[in-house]
Amino acid sequence: MGGLGLLLPADREHDPELKPCSPPKGVLRLRGAVQHYEWGSRGDASLVARLAGETEEGRPCAELWIGTHPAAPSSLASDDGGAVSLREWLARNPAALLGRAVTARWDGDLPFLFKVLSVAKPLSIQAHPDRELARALHALRPTTYRDANHKPEMAVAVTEFRALCGFVSVQELKDVLRTVPEVRMLVGKEDVVKLMTAKEHDGGIGVRSYLQSAFTKLMATSKEAVAEAISKLKSRLNGEIKIRTFTEKEQLVLSLEQQYPGDVGVLSAFFFNYVKLSPGEALYIGANEPHAYLSGECVECMATSDNVIRAGLTPKYKDVQTLCSMLTYKQMFPEILQGVLVQPYVIRYTPPFDEFEVDRYLLPQGESVTMLPVPGPSIFLVMTGEGEIQADGMPDEGVAKEGDVFFVLARTEVKLHASGPGCLQLYRAGVNSRFFC
């Protein structure tokens with residue numbers, strides 16, 4: 001192939017100068033795939049569009065996918081314009097390219113999917129299934145749930161990033177039921193009484209069952225009743241605006257109503273934690289946890305899956321019964337990761353999932369850093385700036401500029417240098433280092 005001139009496994013088998021036992025090393029360029037979902041930003045306002053070179057197109061550029069998922073697989077970039085999918089290329093010799101431990105654990109596939117998101121409009125109220133549920137849903141409705149894998153994920157904020165994530169505390173939920181009569185009406189007197197008399201620290205089992213009952217009733221409410229409740233909510237708030245300042249959650253709910261009028265997701269927002277990430281902060285989300293990204297741009301990494309169960313803030317298919325039955329109903333504010341400095345200019349975000357971790361590189365002009373060989377694959381994405389990338393298997397230094405994507409084979413040492421002007425900012429996705437311990 002062209003590009004960086006890296007030898008493919010098939011080439012090695014027919015080259016008498018190479019030792020058969022010598023595992024391949026090196027770096028190759030990739031082309032990601034853009035998803036044009038309606039909630040995405042457009043033109044220069046979209047980081048995804050800038051990275052993909054699509055700022056002139058008028059379509060929303062919502063997500064840039066980098067990985068092997070069949071819904072939008074990456075391909076190898078070559079000088080001759082040919083296209084070989086990353087998945088196909090890895091299948092030729094997965095143990096050598098991904099490493100033996102990764103190949104054995106994840107059946108010869110890349111275990112993570114790397115993304116960039118540009119969110120202009122809130123995404124759906126959603127959750128991702130655990131492995132058991134994913135297999136069941138895929139077998140039952142394969143056109144809707146297109147793979148059988150779980151989908152834990154982590155978002156690292158590139159700009160200010162807002163999201164709803166997880167259920168609010170018992171006390172905050174009581175405050176909602178006390179101050180938002182429109183929600184109280186739809187939940188019903190029986191569940192309201194149970195939740196209002198629940199203790200914050202009673203072991204959680206009783207509270208969770210009450211919360212599940214109340215939330216399920218809300219989400220299953222008829223469209224007519226939801227529309228009526230939202231109308232009453234708006235009228236009440238319009239009357240109160242002269243005598244008090246709205247809470248952040250009330251402001252959010254009114255904003256959601258403008259974008260998704262009459263949607264039950266507008267009212268369900270009262271049940272969820274409102275999370276605001278500053279650039280460089282991260283949020284991870286496990287299986288069966290409710291969430292919705294609201295605005296901003298982030299780097300996202302997850303297990304290789306596209307399974308999403310939706311129940312609100314979307315015109316897409318809503319599987320309300322499945323979502324309400326699968327949730328954990330834990331009530332806690334999500335952990336916000338600040339990252340850990342693992343070497344100069346490199347911060348690592350480590351979620352509690354084997355499939356992935358993310359590193360953020362921020363190199364001032366003229367500085368260099370080396371990633372020592374690791375037993376698994378890595379993907380590098382250049383977010384801003386310009387520099388060089390050097391590694392085994394490369395004939396010379398490769399230029400690394402905004403939007404470039406590099407796949408790094410297992411056991412390959414990589415050196416990065418920032419040539420400027422300004423800082424060179426990259427993100428690396430790889431298998432969680434704890435998996436190899």
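The values are calculated or read from the model by the stated rules, or taken from the named source; none is laboratory data. Keep in mind it's a predicted model, so treat the numbers as computed, not measured. Neighbour counts run over all protein chains shown; Cβ positions are idealised from the backbone, glycine included. To get the accessible areas, we keep the full protein, side chains included, count just its heavy atoms, and leave off ligands, DNA and RNA. Shrake-Rupley method; radii C 1.70, N 1.55, O 1.52, S 1.80 Å.
The table below gives the values:
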read-out	value
All Cα pairs of the stretch 264-310, percent lying beyond 12 Å	73 percent
Semi-axis lengths, Å, the stretch 340-436, gyration tensor of Cα atoms, sqrt of 5 times eigenvalues	21, 15, 11
Farthest positive-ward along the stretch 340-436 dipole, Cα basis, beta-carbon charges - from 430, 407, 368	430
Charge sum, other residues only, whose C-beta stays under 13 Å from residue 55's C-beta, Lys/Arg counted +1 and Asp/Glu -1	-2
Where 378, 325 fall by accessible area, highest first, once all protein chains stay in place (1.4 Å)	325, 378
Approximate spin-label separation residue 278-residue 56, in nm, with each point projected 7 Å along Cα-to-Cβ	3.9 nm
Centroid-to-centroid separation of the stretch 322-399 and the stretch 245-282 [C-alpha atoms, Å]	29 Å
For the stretch 181-196, 3J(HN,Hα) per residue [Karplus equation, 6.51 cos²θ - 1.76 cosθ + 1.60, θ = phi - 60°, Hz, x = Gly/Pro]	x, 5, 6, 4, 5, 6, 5, x, 4, 4, 6, 4, 4, 4, 6, 5
Listed candidates [x] 80, 32, 17; [y] 41, 30, 19; [z] 44, 23, 19 - label of the one calculated as semi-axes √(5λ) of the Cα gyration tensor in Å	[z]
Dipole of the chain, positive end: most advanced residue of 215, 90, 158 [Cβ charges, Cα centre]	215
At most 16 other Cβ within 10 Å, DSSP loop - trypsin sites (Lys or Arg not before Pro), the stretch 219-291	242, 244
Phi-based couplings in Hz for the stretch 319-328 (Karplus 6.51, -1.76, 1.60; Gly and Pro marked x)	10, 5, 4, 5, 4, 5, 7, 8, 5, 7
Order by protection proxy (mean Cβ within 10 Å, highest first), peptides 211-217, 362-368	211-217, 362-368
Approximate shape of the stretch 164-337 as ellipsoid semi-axes (Cα gyration tensor, √5λ), whole Å, largest first	24, 20, 18
Assigned charges on the beta-carbon of Lys, Arg, Asp, Glu; the chain dipole about Cα centre (debye)	1580 debye
Cα centroid of the stretch 87-152 to Cα centroid of the stretch 401-426, whole Å	25 Å
Relative contact order (percent, whole number), the stretch 340-436, Cα cutoff 8 Å, 6+ residue spacing	39 percent
Long-range HN-HN contacts of residue 419 with modeled amide H, under 5 Å	366, 386, 387, 388
Theoretical gain in end-to-end length, residue 328 to residue 231 [0.36 nm per residue, Cα-Cα removed]	31.9 nm
Proximal lysine pairs, the stretch 164-337, alpha carbons under 15 Å, eight or more residues apart or interchain	12
Nonlocal amide H pairs with residue 145, under 5 Å, H built at 1.01 Å	none
For residue 288, distant residues with modelled amide H under 5 Å away	128, 130
J(HN,Hα) series, the stretch 274-291, from Karplus relation 6.51 cos²θ - 1.76 cosθ + 1.60, nearest Hz, glycine and proline x	9, 10, 10, 9, 8, x, x, 8, 9, 9, 10, 10, x, 5, 6, 10, x, 6
